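Below is one structure, written out as structure tokens; the observations come after it.
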Amino acid sequence: MSSDTSILPRSPAAGLAGAGRLPSIDALRRLVILFMLIDHVRETFYPGPLPAAARF
């Protein structure tokens, strides 16, 4: 049996997977995801709000 994927339905976004993407927006999204990851890890080990001295 061959692995021909041409008969599989494509999603509308499948053809746009790189066309028209702005690298700066992608970098900003990665940075936001990184900050969210750090915040969620912090909440896991240090529940509750940050102390007043550690706030920015």
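The values are calculated or read from the model by the stated rules, or taken from the named source; none is laboratory data. Every value quoted in this text rests on a predicted model; they were computed, and no experiment measured them. Heads up, the Cβs are rebuilt from the backbone with ideal geometry, glycines too, and the neighbour counts pull from every protein chain shown. With ligands, DNA and RNA removed, areas are computed over all heavy atoms of the protein, side chains included. Shrake-Rupley method; radii C 1.70, N 1.55, O 1.52, S 1.80 Å.
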Give the residues of region 15-41 that are modelled with pLDDT under 85 and surrounded by 10 or more Cβ atoms within 10 Å (Cβ to Cβ), sorted by residue number.
-> LEU16
Close pairs (9 angstrom Cβ cut-off, 6 or more residues apart or separate chains): of a type outside the set (A, V, I, L, M) in region 22-51, surrounded by 10 or more Cβ atoms within 10 Å (Cβ to Cβ) and at pLDDT below 95 anywhere | ARG42/LEU50
Which numbered condition PRO47 misses (of (1) open to solvent by 100 Å² or more (accessible area, probe 1.4 Å); (2) modelled with pLDDT of 90 or more; (3) not aliphatic (A, V, I, L, M)) | (2)
